[in-house]
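**Q** One structure follows; several queries about it will come next.
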Amino acid sequence: MNKKNKKYLIILVAIVVVLGAAFFFWPSHQKNEMALDVAAVQNGDISMSVTATGTVEPITLVEVGTQVSGVISKIYVDYNSVVKAGQVLAELDTRLLTSELETANANLSSKEVEYQNQLKNYNRQKELWEKQAISKADWENAEMTYKTAKLAVTSSQAAVLKARTNLGYATITSTIDGVVISRAVEEGQTVAASFSTPTLFTIANDLTKMRVIANVDEADIGNVAEGQRVSFTVDAYPNDEFAGTVVQVRLEATTTSNVVTYEVVIDAPNPDLKLKPGLTANVNIYTLEKNNVLKIPTKAFRFTPSQDILKQIPGIIIGQAVQVDGRDKSKKVVWVKAGNKLVSKIVTVGVADEIYTEILDGLQKDEQVVTGLGQKMEMVPAPSEQAETSPFMPQRPGGNKKK
């Protein structure tokens with residue numbers, strides 16, 4: 001084959017490839033017609049909710065500490081231990097505290113002996129003073145010494161009580177029935193209670209009764225009230241939904257990075273003990289709930305028929321438009337499709353969510369309300385599909401099927 005024939009062959013093959021590609025990707029013609037979008041009046045639920053995040057906590061959480069310093073000698077409980085009120089949790093080394101109590105008792109005994117001696121002297125001096133046998137200065141001195149000795153006894157008794165109480169504090173007991181959530185000490189560790197009471201154990205009263213502290217944005221807090229239903233999930237159980245109830249809306253505001261939030265307390269029963277303290281909860285607070293009400297899409301109130309557009313819809317007849325008082329927010333106008341006719345009606349509306357609006361009066365179930373205009377698209381084969389094709393042209397998928 002010479003170069004000239006080879007050149008013509010390459011050009012022919014290129015033309016065939018281009019025509020084949022054009023045929024294969026040739027779009028079908030679309031025949032567009034205007035159509036009315038309608039929705040049936042139906043019964044259903046209307047609800048609105050506020051989303052927030054929060055933390056799961058026990059309702060009653062008690063921190064058990066010690067009021068005296070010392071070395072932890074014994075620990076009788078661990079994490080997750082079930083305890084009763086009055087049960088011993090730990091003990092401090094009592095040797096130093098016992099020594100302080102013995103010193104206080106010895107000091108009290110000394111003061112009592114001194115008091116008895118001064119009491120006898122006081123009685124003698126009193127008799128002499130009554131007989132004018134001693135000077136007034138001697139009498140006043142005897143009386144002062146007696147009273148000082150009496151006060152010293154009282155002070156020593158208080159010191160004994162304090163030492164005995166401190167010795168009792170060396171035995172650390174639970175103040176409530178519950179479960180040990182945390183333990184902050186080990187045996188042999190020294191705890192110092194000089195300036196503040198150190199926390200040794202944290203006890204939750206009843207883990208079957210939990211609560212969620214949710215942080216609600218200031219834009220949503222106005223719709224939140226006590227008694228509202230709550231549903232929430234936690235990452236630990238993504239397929240489970242937990243239920244709760246709003247029990248408190250706290251008035252204290254918290255500002256973080258210029259975002260103002262309010263704490264909402266949610267009661268969250270936990271009978272199966274799935275909820276654990278500290279879990280993050282994704283909360284939905286239902287601020288509006290109405291069940292089995294008559295409702296229509298809210299966008300139906302925004303539809304107003306136009307003669308120019310409806311001319312493109314064959315056979316449609318538009319009825320007379322009704323008017324409502326714009327000051328009455330409970331009255332609105334909707335257009336109902338009855339056969340080939342559009343009729344405007346005044347309806348009384350109730351509550352609304354982001355999609356639907358409640359209908360109190362003016363419509364019946366299954367009536368067709370117009371929500372807007374759309375296009376009805378009819379697919380028509382491209383002309384090239386009806387013409388004869390070259391046997392060298394590639395076939396469209398499914399275009400060579402026999403009837």
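The values are calculated or read from the model by the stated rules, or taken from the named source; none is laboratory data. Fair warning: this is a prediction, and the values are worked out from it, not measured in the lab. Backbone-built Cβ (ideal geometry, glycine too); neighbour counts: all protein chains shown. Calculation scope for accessible area: heavy atoms of the full protein, side chains included, ligands and nucleic acids excluded. Shrake-Rupley method; radii C 1.70, N 1.55, O 1.52, S 1.80 Å.
**Q** Step through the residues of the range 338-349 one at a time and calculate ³J(HN,Hα) from phi using the Karplus curve (6.51 cos²θ - 1.76 cosθ + 1.60, θ = phi - 60°), rounding each to whole Hz and writing x for Gly and Pro.
**A** Calculated HN-Hα couplings, in order: 10, x, 9, 10, 9, 10, 8, 9, 8, 10, 9, 9 Hz.
**Q** Something else about it: Relative contact order for the chain: what percent, with Cα pairs under 8 Å and sequence separation of 6 or more? Working shown, then result.
**A** Working: 750 pairs, mean separation 111.4, N = 403.
Normalised by residue count, the contact order of the chain is 28 percent.
**Q** Rg and Dmax of the range 32-163, using alpha carbons, in Å: what are they?
**A** 37.5, 135
**Q** Please report the carbon-and-sulfur percent of the accessible area for the range 237-324; probe 1.4 Å, protein heavy atoms only, DNA, RNA and ligands left out.
**A** Carbon-and-sulfur percentage of accessible area, whole number: 49.
**Q** Under the 0.36 nm per residue contour assumption, what length would be gained going from the current alpha-carbon distance of Lys120 and Lys274 to full extension?
**A** That works out to 48.1 nm of additional length.
**Q** Counting alpha carbon pairs within less than 8 Å and at least 6 residues apart, what relative contact order, in whole percent, applies to the range 153-287?
**A** Result for the range 153-287 is 25 percent.
**Q** In terms of modelled amide H atoms, which long-range or inter-chain residues lie less than 5 Å from the amide H of Met34?
**A** Amide H neighbours of Met34: Lys376.
**Q** Right, here's the next one. Given the rule -39500 (n - 2.57) for each run of at least 4 DSSP H residues, summed and divided by the residues of the chain, what is its mean residue ellipticity at 222 nm, to the nearest 500 deg cm²/dmol?
**A** Rounded to the nearest 500, it is -8500 deg cm²/dmol.
**Q** Take Asp267, project a point 7 Å from its Cα along the Cβ direction, then tell me which residues of the range 202-218 have their backbone nitrogen under 14 Å from it.
**A** The answer is 209-212.
**Q** I'd like to check one number: the per residue accessible area of the range 252-352, probe 1.4 Å, reported in Å² as a whole number.
**A** On the way: 5940 Å² over 101 residues.
Value for the range 252-352: 59 Å² per residue.
**Q** Follow-up question, since we're still on this one. Putting +1 on Lys and Arg Cβ atoms and -1 on Asp and Glu Cβ atoms, find which of Val264, Ala253, Thr175 reaches farthest to the positive end of the dipole of the range 164-280.
**A** Thr175
**Q** Of Val283, Val41, Val113, which has the largest mean-square fluctuation in a 10 Å C-alpha GNM of the chain?
**A** Between Val283, Val41, Val113, it is Val113 that shows the largest mean-square fluctuation.
**Q** Cα axis of helix 136-169 to longest principal axis of the chain: angle in degrees, 0 to 90, nearest 10?
**A** 40 degrees
**Q** List every residue whose amide H lies under 5 Å from the amide H of Leu360, counting only residues 5 or more places away in sequence or on a different chain, with H placed 1.01 Å from N in the peptide plane.
**A** Close amide H contacts, sequence-distant or interchain: Thr348, Val349, Gly350.
**Q** Counting pairs of alpha carbon atoms under 8 Å apart in space and at least six apart in sequence, what relative contact order in percent does the range 224-267 give? List each step's numbers first, then the result.
**A** Working: 70 pairs, mean separation 15.3, N = 44.
Once normalised by length, the contact order is 35 percent.
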